[in-house]
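**Q** Next up is a structure, given as structure tokens.
Derivation of every value follows stated rules applied to the coordinates shown; laboratory data play no part. Note that this is a predicted model, so its numbers are computed, not measured. Note that each Cβ is placed from the backbone with ideal geometry, even for glycine, and that neighbours are counted across all protein chains shown.
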Amino acid sequence: MKKNILFGFAACGAMLLSANVAKAQEAVVIEEATFTEVADCTDQYYSEKGSNWFIQLGAGMELPMVDCYKAGPKGQNDGKRGITAAYGVGFGKWFNPYFAWRFGVQGAAYHWDANNAYQKAKFVNANFDLMWDMFNSLGSVDADRFFSIVPFVGVGATYSWDFNHAYVPINNGYRKDRVWQIPVSVGLQLRFRLSKYVDFFAEGRFQAYGDTFDGIAYGSESIDMNLTAMGGLTFKLGGKSFKSFNPCAYIGYINQLNGQINDLRGELSNCSSRLAAAEAQLPCPEIVAVECPDASAPLMSTVRFTINSAKISSMEMVNVYNIAQWMKANPDANVVIKGYADKDTGTAAYNLKLSERRAQNVYNVLTKEYGIPADRLSIKAEGSASQIYDTNNWNRIVIFSQD
């Protein structure tokens, strides 16, 4: 039976290590201001170097499962196992929302009855565990989730001493006064979120040893085991949060730039055609003005927004800076700030206000942070009634044009 338990450890460890999800790679091909995109556009999470560390303090009970024999013709097992208090401390780090490592130390005095004799000893155990957050892996990532299940597997080192050896082992068993062993373990932690910085946890750990955890070697196939149940608090240093990015976030911006480049190419082609037509009419009695692209054509800089948001991200702030520098270099130019919203999200009335907030936030940055005079700027909220792009998500945007 104890051999079967070891096979169970191996199966649990294989299941845990295979839980990671493979992520597809993206290939982007750009040719003549167009591109073809094949990508996994789900959010990717990572932990910064100094974040998502934790410390755990716990207490509970432990129950040794060791050789307990009764002397007799059939060698029946009538020994009793005793429950004693155990204490533990540990620290670790979540390196993404799915996996963490933990180093922990626990110790206890343990005892058991064998052959009507009271046996006792002490031990201290250090473990290195790999932990897996089931809910984040199989569902959605949620840093504020109240309840989580976290299986773990581990390997460690155990030192036992102070055996009293109150009985003589049968069948030529032999004793040890101090024991070093390397146990393997499997366990399950239930985690309850109390606040951003503190969790309560309750976990059980099942460890398998060689035959001398009780200081007595008996037979050739026996395995000693120890069951630990512990509860306590997890202190999350700086809280538990992860950075994320979407590998497809820039695609709309590239398409927008491609569209503007194509528009400029078309205007240049038209201008060249007009110039060629005018030259064909030479000589002529008077000068014919050649029309160039309308001065009210959209400027290159744009500001993109996430769904239902009017906040300017740090990545988009550079575009606000670019339009500010352009206006400083062209002091006679006035600019219209046009805000948009996508039509597939929200009502028309809500989207009109959202597009106005987006344009207003850009206006505030230009006037307050970059010192652009307010009389050179005007705001126009387009809402979702006007969609400048065929792709819905690209219309969460602010564009600029000369007034």
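**Q** Please sort 154-162, 129-137 by packing, taking for each peptide the average over its residues of neighbouring beta carbons within 10 angstrom, highest first.
**A** Ranked from most to least packed, the peptides come out as 129-137, 154-162.
**Q** I'd like to compare 92-104, 235-247: which one has the highest average count of other Cβ atoms within 10 Å, and what's the full order after that?
**A** The most tightly packed comes first, giving 92-104, 235-247.
**Q** Continuing with the same structure: In terms of modelled amide H atoms, which long-range or inter-chain residues lie less than 5 Å from the amide H of ASP403?
**A** The answer is ASN334, VAL335, VAL336.
**Q** Same structure again: If you take the beta carbon distance between LYS380 and CYS248 as r and set R0 to 30 Å, what does 1/(1 + (r/R0)^6) give as a FRET efficiency, to the nearest 0.05?
**A** 0.55
**Q** Rounded to whole Hz and in sequence order, give me ³J(HN,Hα) for the stretch 371-387 from the Karplus expression 6.51 cos²θ - 1.76 cosθ + 1.60, θ = phi - 60°, writing x for Gly and Pro.
**A** Per-residue couplings from phi come out as x, 6, x, 5, 6, 8, 10, 9, 10, 9, 9, 8, x, 10, 5, 10, 10 Hz.
**Q** Extension gain LEU264-LYS120, at 0.36 nm per residue separation less the Cα-Cα distance, in nm?
**A** Contour length minus the Cα-Cα distance gives 43.2 nm.
**Q** So if R0 is 25 Å, what FRET efficiency would ASP43 and LYS368 give, r being the distance between their Cβ atoms, rounded to the nearest 0.05?
**A** Here the calculated transfer efficiency is 0.20.
**Q** What's the lysine pair count for the stretch 294-403 at a Cα cut-off below 22 Å, pairs eight or more apart or interchain?
**A** Here the count comes out as 16.
**Q** Modelled label-to-label distance, SER401 and SER313, 7 Å Cα→beta-carbon offset: nm?
**A** Here the modelled spin labels are 2.6 nm apart.
**Q** Can I ask one more? Compare the peptides 269-278, 363-372 by average per-residue count of other Cβ atoms within 10 angstrom and give them in order, highest first.
**A** 363-372, 269-278
**Q** For the pair ASP142 and TRP326, what calculated FRET efficiency results from E = 1/(1 + (r/R0)^6), where r is the Cβ-Cβ distance and R0 = 35 Å, to the nearest 0.05?
**A** According to the calculation, E is roughly 0.25.
**Q** According to a simple spin-label model (label point 7 Å from Cα along Cα-to-Cβ), what is the distance in nm between PHE192 and ALA59?
**A** According to this spin-label approximation, the distance is 1.8 nm.
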